[in-house]
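Asker: What follows is a structure written as structure tokens; I'll ask about it next.
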Amino acid sequence: MNESSPLPDDVERLRVIATYLRLELERVHRRLAQAEQREQAQEAARQAAARAASPPAWTVQVTLGADPRPVAIHHGQCTIGQPRVRPITRRAAIEALTAGVEACALCRPERELQID
């Protein structure tokens, strides 16, 4: 054995060490792939939760009853009218306001939608 290296000099023992190191490296690569997959799954779950948790841009407050009718249009973060609000698109909010549905007096969605 060479003094400067902890490795043996003979071929047979070097092959054993090389085999052991190759197997260990394969094990590390498998564990690394598992960890990367786990991280990707966690990141995807975080992104999905963030998308699900974000409020809609616009909501419509509806009446109670079997045939709910629109009462008022709100910004998505406005809490007036909860829990009787439903998410709607910007276009649907504009159409509802131009059709005579009231705009919330607190959040004033007609300002951002530029409806007079």
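Asker: If a residue must be over 26 Å from the mean Cα position of the chain (by Cα) and not β-branched (Val, Ile, Thr), how many such residues does the stretch 63-82 contain?
Answerer: 9
Asker: Report whether or not ASP9 is within 30 Å of GLU102 (Cα to Cα) and of a type in the set (Asp, Glu).
Answerer: The answer is no for ASP9.
Asker: Inside the stretch 85-116, can you point out the residues that are surrounded by 11 or more Cβ atoms within 10 Å (Cβ to Cβ) and in a loop (DSSP other than H, G, I, E, B)?
Answerer: Those that are surrounded by 11 or more Cβ atoms within 10 Å (Cβ to Cβ) and in a loop (DSSP other than H, G, I, E, B): THR89, VAL101, CYS104, LEU106, CYS107, ARG108, ILE115.
To keep it simple, each residue is scored yes or no on (1) over 29 Å from the mean Cα position of the chain (by Cα); (2) touching a residue at least 40 places away in the same chain (Cβ under 8 Å).
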{"position": "PRO56", "(1), (2)": "no, no"}
{"position": "GLN61", "(1), (2)": "no, yes"}
{"position": "THR98", "(1), (2)": "yes, no"}
{"position": "VAL101", "(1), (2)": "yes, yes"}
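Asker: Separate question: Hey, among GLN34, GLN61, GLN82, GLN77, which residue is loosely packed, with under 12 Cβ neighbours inside 10 Å and outside any loop (DSSP other than H, G, I, E, B)?
Answerer: GLN34
Asker: Also, quick follow-up: Within 23 Å of ARG108 (Cα to Cα), touching an Asp or Glu at 6+ places or on another chain (Cβ under 8 Å) and not charged (D, E, K, R), is that true of ALA72?
Answerer: When the stated conditions are applied, ALA72 passes them.
Asker: Using the structure shown, decide if ALA72 is open to solvent by less than 80 Å² (accessible area, probe 1.4 Å), of a type in the set (A, V, I, L, M) and in a helix (DSSP H, G or I).
Answerer: no
Asker: Given (1) open to solvent by 100 Å² or more (accessible area, probe 1.4 Å); (2) part of a helix (DSSP H, G or I), where does PRO6 come up short, assuming only one miss?
Answerer: Against the list (1) open to solvent by 100 Å² or more (accessible area, probe 1.4 Å); (2) part of a helix (DSSP H, G or I), PRO6 comes up short only on (2).
Asker: Of all residues in the stretch 39-58, how many are part of a helix (DSSP H, G or I) and surrounded by 10 or more Cβ atoms within 10 Å (Cβ to Cβ)?
Answerer: Of the residues in that region, 11 qualify.
The values are calculated or read from the model by the stated rules, or taken from the named source; none is laboratory data. Nothing here was measured: the structure is a model prediction, and the numbers come from that model. All Cβ positions, even for glycine, are placed from backbone atoms using ideal geometry, and neighbour counts span all protein chains on display. Protein only, heavy atoms only, side chains kept; ligands, DNA and RNA dropped before computing areas. Shrake-Rupley method; radii C 1.70, N 1.55, O 1.52, S 1.80 Å.
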